[in-house]
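Have a look at the structure below before the remarks.
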């Protein structure tokens with residue numbers, strides 16, 4: 001199966017090309033740079049083989065474009081690019097969308113859960129095949145839990161590094177804005193910039209450790225914990241309690257969701 005899987009977030013758009021179920025490329029861009037985004041998708045599409053049957057004049061690429069989005073504005077941009085430049089209708093994953101969610105959601109309002117959270121959770125569950133905790137460190141930090149039956153139980157949402165840094169800077173008179181959080185050299189900082197950096201870093205690591213423990217107590221066992229997202233590399237050194245760090249877990253979840261959907265239809 002050939003798929004162009006597109007994770008449309010609040011800060012970035014991550015597109016993945018999968019040929020015969022094998023990852024053939026991952027590119028990150030932004031919905032605000034339509035020219036760059038168009039080039040990425042066109043380059044991926046041109047690598048897809050044509051459908052073997054049919055006459056030359058009817059040649060069509062043998063792939064589908066599948067998206068999971070938490071950004072409606074950029075969703076429209078991607079769908080328009082797919083239609084105008086790829087001659088393909090992009091399929092969207094979600095409740096009431098083209099492709100249904102791949103797992104049950106035991107939450108109060110399923111329609112309000114970000115589809116990216118579900119994609120990451122489903123991808124992790126497909127590998128672990130047991131209860132699993134999934135953290136995504138992006139613009140927002142989400143820490144979610146799936147039980148042993150593959151049901152999404154919910155989670156927590158908190159601001160990511162960039163939002164916290166912006167908040168400290170904009171709501172105080174003297175605190176500078178930290179542009180890039182780094183793993184601390186030592187816990188106690190000797191200047192204001194380092195103090196903010198360390199505070200942001202340990203807030204993420206500490207929250208992840210505490211929430212993982214609380215989830216484990218509720219489940220009655222310590223499940224595997226998987227971390228993904230654009231800021232996951234920053235916290236690696238401080239998280240020896242994490243089992244796996246996985247790049248682009250949402251994109252992988254999109255592929256697995258579409259394969260499940262096609263399999264059930266067949």
**Request:** Would you check which residues across the range 1-25 are assigned to a strand (DSSP E or B) and surrounded by fewer than 17 Cβ atoms within 10 Å (Cβ to Cβ) and list them?
**Result:** 22, 23, 24, 25
**Fill in**
When the range 214-241 is checked residue by residue, the ones that are within 29 Å of residue 27 (Cβ to Cβ) and in contact (Cβ under 8 Å) with a residue 60 or more places away in the chain are 224, 225, 226, 227, 228, 229, 230, 231, 232, 234, 235
**Asked** residue 187 fails exactly one of the following numbered conditions: (1) under 17 Å from residue 232 (Cβ atoms); (2) part of a loop (DSSP other than H, G, I, E, B). What is the number of that condition?
**Response** (1)
**Request:** Might you check whether a residue that is within 15 Å of residue 229 (Cα to Cα), within 20 Å of the chain's Cα centre (by Cα), touching a residue at least 40 places away in the same chain (Cβ under 8 Å) and in a helix (DSSP H, G or I) occurs anywhere in the range 134-146?
**Result:** no
**Message:** For the list (1) within 30 Å of residue 111 (Cα to Cα); (2) touching a residue at least 40 places away in the same chain (Cβ under 8 Å); (3) not in a strand (DSSP E or B), I need the number of the one condition that residue 181 fails.
**Reply:** (1)
**Asked** in the same structural domain as residue 117 (by TED's automatic domain parsing), under 25 Å from the mean Cα position of the chain (by Cα) and in a loop (DSSP other than H, G, I, E, B) - does that describe any residue in the range 158-172?
**Response** yes
**Item:** Enumeration of residues in the range 118-135 that are buried (at least 24 other Cβ atoms within 10 Å of the Cβ) and in contact with a helix residue (DSSP H, G or I) (Cβ under 9 Å, 6 or more places away or on another chain)
**Value:** 118, 119, 120, 121, 122, 123, 124, 132, 133, 134, 135
**Prompt:** So which residues in the range 224-242 are in contact with a helix residue (DSSP H, G or I) (Cβ under 9 Å, 6 or more places away or on another chain) and either surrounded by fewer than 22 Cβ atoms within 10 Å (Cβ to Cβ) or not in a loop (DSSP other than H, G, I, E, B) (or both)?
**Reply:** 224, 225, 226, 227, 228, 231, 234, 235, 238, 239, 241, 242
**Message:** With the structure loaded, tell me whether residue 155 is outside any helix (DSSP H, G or I) and surrounded by 16 or more Cβ atoms within 10 Å (Cβ to Cβ) or whether it fails that test.
**Reply:** yes
**Counted residues, the range 76-101 - those being loosely packed, with under 13 Cβ neighbours inside 10 Å and not in a helix (DSSP H, G or I)** = 3
**Request:** Working carefully through the options 149, 182, find the one that is surrounded by fewer than 14 Cβ atoms within 10 Å (Cβ to Cβ) and closer than 26 Å to residue 119 by Cα.
**Result:** 149
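The values are calculated or read from the model by the stated rules, or taken from the named source; none is laboratory data. Source: prediction; values computed, not measured. Counting neighbours? That spans all protein chains shown, and the Cβs are built from the backbone with ideal geometry, glycine included.
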